[in-house]
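J.: I'd like to ask you about the structure that follows.
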Amino acid sequence: MSESQVLPQGAGYGVVVGIGLFFSAFMVSLTAIQARYTGVSPRNSEEFSSASRSVKPGLIASGIVSAWTWAATLLQSSAVAYRYGISGPWWYAAGATVQVLLFAQLAAKLKLNAPYAHTWLEIVATRWGKLAHLVFMFFGLATNLIVSSMLVLGGSATVTSLTGMNTIAACFLIPLGVAIYVVVGGMRSTLLCDYTHTSVLFAIIFTFIFTVYATSRYIGSISKMHLLLSEASQIMPVSGNAQGSYLTLRSLNGLIFGVINLIGNFATVFQDQAYWQRAIASRPATTVKAYLIGGLAWFAVPFTFSTTLGLAAVALGAVPAPSSPIKVPTASGFIPLLQPLTQDEISAGLPASFAAASLLGKSGAAALLIVLFLAVTSATSAELIAVSSILTYDIYVRYINPRATEQQVLRMNHLGVVIFALVMGIAGTIFYFVGVSMGWLYTFMGVILGSGVVPIALCITWSKANRMGCIAGAVIGFFAGIAVWLGLTSGLNEGVINVTTSGGNYEMLGGNLASIATGGLISMIVSLIWPDNYDFVETRAINLPTAKKAVHDSDDAGIEKNDAQVSVKSVSEETELDNELDPVGLKKAFRFAVWSSVIMTLVFMIIIPLPLFGASTVYSVAGFSVWIIIGIIWAFCSAFAVVLYPLWESRAALAMILKGMVMDAYAPGSGAYVAPTRRKMVTA
């Protein structure tokens, strides 16, 4: 492990604390600029938690890419590439893309059936009552806790590996800077931070791509990568792969991982408030577009990253090292530049960090450290604002203080961010001492979370979904998943149950399948036998009457001028958003989401990979070149969609800010945004 510590310990603290605080200061300043020149300020709870439900699709798509780019996205995808070859990146990327694409259907139904909800749990509570609300709150918060723990574990493991920074310190310091700008800027600040992080993420990914496939003295071309992977297949053949090769989609263990990945990520998308939060924040007319763009753009992140650094880690095992003292010779007959990694190192997600350090030395390690830190912190910001919303609206307002004032709700939003930042650090520390790695958690999450996927989807989309059937499906599926997982662990490992034995592919596969299948079947069967006939009238009324009345009443009662200005939109914008809630248009968007997401799911999970799996083809140089080039082109298209497109669609706001700053430069104070008064709005 120490061989990978190419950076001094101070570099770890410098990135985690220094860059973290820099981004906090940057986002705080950006929030202040927005408030001054556009009138958008998070001084009310609606803006804080949902960005006033007016965010355009490019920025939402960028936020989806950022929120879905965990530490596991970069580290675990590279680990499965190291384990299974080219099948690993495909199954990781495809198995975690289809959930975002299919979530477009839920996003459309959200705008149709509960356009003013703050959380998905509010919909559950309104439709099915308190028992269902508490049951599914467990699944929601458990999802956020597991996701956050993976973020902290993956981030701290790599920071420690590259710099020797204290792991416990990393667990607590990583969420610290994020909590600062989330508290100050709220949801809109989180999305702007997501955009910034996504831009840097793609820049560094392209750096690694061109290093590995164009300039590296060890690899330097696609054909050389193919040669080294072919040699590595002779030195370290992959069990379950056609001819033991890294250059084939015929990988039994890769396929098993793909199924586990598919099930587990359904749980972490459908039950994670972070994705609902972005659907809530998006403009109604473009919600589906945002999720389809975001899902397709995200695919390129793990796919190109892991086919670059994950495969590079394998290839470097076939490259002779420069003359230097080496501890462990290998069966290859020469001493490799990168020696075979242990299972613990692979499970911790370290192949990418070893490859980056071997290829580029300190600069490669620093680049990986920065991109990983940005990925972890952007996803952390999404989790903080998501859990804050649940703590505020589903616990504080619903059960503790139903008559909470605007200021009390906003204060609880802030407190929720701080509370969960501490919980993230504590959870990461506990899992670290227990010996649970990011990779273990990643494959385990579907075991305990999968049973809630189908019931939650039915609650939002299907009028016939039976309340008790869906509750029973989630609860029974939860216990079924754990029972099958533990049973297989005991049966396949001579009764030994521990972290190591329970993390096997077949053990996790059985638990994942039992959980999601049991929950889904019970929910569907009971609902078909005893169907409800729900019309969603109550859910469509969530927050709508009281929220609008509160704004108008407070304005008429003489609330402070500044607060009134930041809480009131122009009539034209408010009317436009209301028009976008037209049921006819939303039903049309839902139908588009259904056929487009289903078609793309079939392409990603069946039409492309299964014929290639069945053919048992080991790619030639030409076939491998096409595979890599398509990935690179996809990455460029993704960068255009989530880096350049948001700038174009925000050109009016950027022009307004620039104009205000120029006016302030010539006449201080003249460029500040002046909101229309209530009276002027009415007469307009």
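All of the numbers you see were taken from the coordinates with simple rules; none came from a lab. Fair warning: this is a prediction, and the values are worked out from it, not measured in the lab. Don't worry about glycine lacking a Cβ; one is built from the backbone with ideal geometry, like all the others, and counts go over all protein chains shown.
J.: Please work out the C-alpha center-to-center distance from the range 189-210 to the range 260-282 and express it in whole Å.
T.: Centre-to-centre distance over Cα atoms comes out at 21 Å.
J.: Tell me which of PHE478, ILE460, VAL447 sits at the most positive position along the dipole axis of the range 360-479, charges placed on C-beta atoms (Lys, Arg +1; Asp, Glu -1).
T.: ILE460
J.: Per the Kirkwood formula on distinct C-alpha pairs, the Rh of the range 188-336 is how many angstrom?
T.: Averaging 1/r across every pair of different Cα atoms and inverting gives 18.6 Å.
J.: Still on this model: Radius of gyration and Dmax for the range 605-651's Cα atoms, expressed in Å?
T.: 16.1, 50
J.: Can you sort ILE606, ILE497, ILE86 so the residue with the fewest Cβ neighbours within 10 Å comes first?
T.: Final ranking by Cβ density, sparse to dense: ILE606, ILE497, ILE86.
J.: A further question on this structure: Apply the Karplus parameterisation 6.51 cos²θ - 1.76 cosθ + 1.60, with θ equal to phi minus 60°, to every residue of the range 176-182 and state each ³J(HN,Hα) to the nearest whole Hz, in sequence, with x for glycine and proline.
T.: Once θ is set to phi - 60°, the couplings for the range 176-182 become 4, x, 5, 4, 5, 6, 5 Hz.
J.: Quick one: what does P(r) look like for the range 423-508 with 10 Å bins over all Cα pairs, in whole %?
T.: 16, 35, 30, 16, 2
J.: Work from the charge dipole of the chain (Cβ charges, +1 for Lys and Arg, -1 for Asp and Glu, about the Cα centre) and give the residue of TYR92, SER527, LEU229 farthest towards its positive end.
T.: SER527
J.: What percentage of all Cα-Cα pairs in the range 101-246 are separated by more than 24 Å?
T.: 64
J.: Further question: From the gyration tensor of the Cα coordinates in the range 120-174, what semi-axes in whole Å does the equivalent ellipsoid have, largest first, with each one equal to sqrt(5λ)?
T.: The answer is 37, 7, 7 Å, longest axis first.
J.: Here is a follow-up. Give the residue from PHE139, SER363, ALA214 lying farthest towards the positive end of the charge dipole for the chain; charges sit on Cβ (+1 for Lys and Arg, -1 for Asp and Glu) and the dipole is referred to the Cα centre.
T.: The residue sitting farthest along the positive end of the dipole is ALA214.
J.: Using the alpha-carbon centroid of each, what span in Å lies between the range 483-538 and the range 84-113?
T.: With the range 483-538 and the range 84-113 each reduced to a Cα centre, they are spaced 20 Å.
J.: For ASN241, list long-range residues whose amide hydrogen, built 1.01 Å from N in the peptide plane, is under 5 Å from its own amide hydrogen.
T.: LEU252
J.: How would TRP595, TRP128 line up from fewest to most surrounding beta-carbon atoms within 10 angstrom?
T.: If I rank by nearby Cβ atoms, fewest first, I get TRP595, TRP128.
J.: Still on this structure, please answer the following. Once you have all Cα-Cα distances for the range 50-150, histogram them in 10 Å bins from zero and send the whole-percent values.
T.: 12, 33, 35, 16, 4
J.: Enumerate the whole-percent occupancy of each 10 Å bin, from 0 to the last occupied one, for all C-alpha pair distances of the range 277-410.
T.: Over the range 277-410, the share of Cα pairs per 10 Å bin runs 10, 25, 23, 17, 13, 8, 3, 0 percent.
J.: Once Rh is set to the Kirkwood radius over Cα pairs, what Stokes-Einstein translational diffusion coefficient, in µm²/s, holds for the chain at a temperature of 10 °C and a viscosity of 1.306 mPa s?
T.: 62
J.: In whole percent, what relative contact order does the chain give with Cα contacts below 8 Å and a gap of six or more residues?
T.: Across the chain, relative contact order equals 27 percent.
J.: Most exposed first by the Cβ proxy, i.e. fewest other Cβ within 10 Å, how do ILE633, ILE390 rank?
T.: ILE633, ILE390
J.: While we're looking at this one, here's another question. Give me the mean projected area, in nm² to one decimal, of the convex hull enclosing the Cα positions of the range 56-100.
T.: Mean orientational projected area (the range 56-100, Cα hull): 3.2 nm².
J.: Long-range amide H contacts for ILE335: which residues qualify at under 5 Å (H placed 1.01 Å from N, peptide plane, sequence gap of 5 or more or a different chain)?
T.: Hits under the 5 Å cutoff: ALA321.
J.: For the range 184-242, what D do you get in µm² per second when you plug the Kirkwood radius from alpha-carbon pairs into Stokes-Einstein at 20 °C and 1.002 mPa s?
T.: Diffusion coefficient, whole number: 148 µm²/s.
J.: Among 61-70, 340-349, what's the highest-first ranking by average C-beta atoms within 10 angstrom per residue?
T.: 61-70, 340-349
J.: Now for a separate question. Considering only DSSP states other than H, G, I, E and B, which trypsin sites (Lys or Arg not before Pro) in the range 340-417 qualify as loop sites with at most 12 other Cβ atoms within 10 Å?
T.: ARG403
J.: Shifting gears a bit: Would you calculate a helix-derived [θ] at 222 nm for the chain, using -39,500 (n - 2.57) for each DSSP H run of n ≥ 4 and dividing by the full residue count, to the nearest 500?
T.: -23500 deg cm²/dmol
J.: Still on this structure: Restricting things to alpha carbons, tell me how big the range 371-486 is in terms of Rg and Dmax, in Å.
T.: 17.7, 48
J.: Using a simple charge model, +1 on the beta-carbon of Lys and Arg, -1 on the beta-carbon of Asp and Glu, nothing else, what dipole does the chain show about its Cα centre, in debye to the nearest 20?
T.: It comes to approximately 800 debye.
J.: With the calculation restricted to Cα positions, what are the radius of gyration and Dmax of the range 142-220 in angstrom?
T.: 16.2, 46
J.: Further, regarding this structure: Report Rg(Cα)/(2.2 N^0.38 Å) for the range 165-267, keeping two decimals.
T.: 1.59
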